[in-house]
Amino acid sequence: MAVSQVLFSLDSFTTPVKTAAWKSKPTWYMMSTADHSINPEQERMMAKRANAKTIEVNSSHAAYISHPKETAKLIEEAATSAPINSLPEGRDGAFALQRFR
């Protein structure tokens, strides 16, 4: 996991956020029911507040490592559900998904 993580930008702390993306864009959330880093009830509250399409997995904090099939399915659903107006002209969610395969 450490190899895949990149340094964050200073801009993430200095650039004001005008509108949180989750307030206006579709959101998906994988909730870990056995998470000891973030309380699962807190995760449920965050997902509900974001009106996220949510799945729950019996996992610790790094669910995407221990549940790769569920992770892939959720990503595929998100990619193929993307609104047409948010993608390049003539493209759909399937195009977006192909870019990551």
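Here, each number is a calculation from the coordinates, and none is a lab measurement. Remember, predicted model here, so these are calculated numbers, not experimental data. Quick reminder, even Gly has a Cβ in these numbers, built from the backbone with ideal geometry, and neighbours come from all protein chains shown.
Using a 10 Å cut-off on Cβ atoms, rank the peptides 32-39, 8-15, 58-65 from the highest mean neighbour count down. Each step should come with its number before you reach the end.
Values: 32-39: 12.9, 8-15: 7.9, 58-65: 14.8.
The densest-packed peptide leads the list: 58-65, 32-39, 8-15.
Looking at this model, which pairs from Lys18/Lys53; Lys48/Lys69; Lys23/Lys48; Lys25/Lys69; Lys25/Lys53; Lys23/Lys73 are more than 21 angstrom apart at the alpha-carbon? Don't skip to the end; give the middle numbers.
Working: Lys18/Lys53 24 Å; Lys48/Lys69 23 Å; Lys23/Lys48 11 Å; Lys25/Lys69 24 Å; Lys25/Lys53 12 Å; Lys23/Lys73 23 Å.
From Lys18/Lys53; Lys48/Lys69; Lys23/Lys48; Lys25/Lys69; Lys25/Lys53; Lys23/Lys73, over 21 Å: Lys18/Lys53; Lys48/Lys69; Lys25/Lys69; Lys23/Lys73.
So how much slack lies between Met46 and Trp28, counting 0.36 nm per residue of separation and subtracting their Cα-Cα distance, in nm? Please list the in-between numbers first.
Values: separation 18, 0.36 × 18 = 6.48 nm, distance 1.12 nm.
Fully extending the segment from Met46 to Trp28 adds 5.4 nm.
Using modelled backbone amide H atoms (1.01 Å from N, in-plane), which distant-in-sequence or interchain residues come within less than 5 Å of Met31's amide H?
Hits under the 5 Å cutoff: Ile55, Glu56, Val57.
Multiplying the sequence separation of Leu10 and Ser81 by 0.36 nm and subtracting their Cα-Cα distance, what value in nm do you get? Walk me through the numbers on the way to the answer.
Working: separation 71, 0.36 × 71 = 25.56 nm, distance 3.17 nm.
The Leu10-Ser81 span can extend by a further 22.4 nm.
What is region 1-67 by shape, rounded, prolate or oblate, if you read a ≥ b ≥ c off the alpha carbon gyration tensor as root eigenvalues and call it rounded for a/c under 1.5, prolate for a/b larger than b/c, and oblate otherwise? Before the final figure, lay out each step's value.
On the way: a/c = 2.18, a/b = 1.23, b/c = 1.77.
Cα axes put region 1-67 in the oblate bin.
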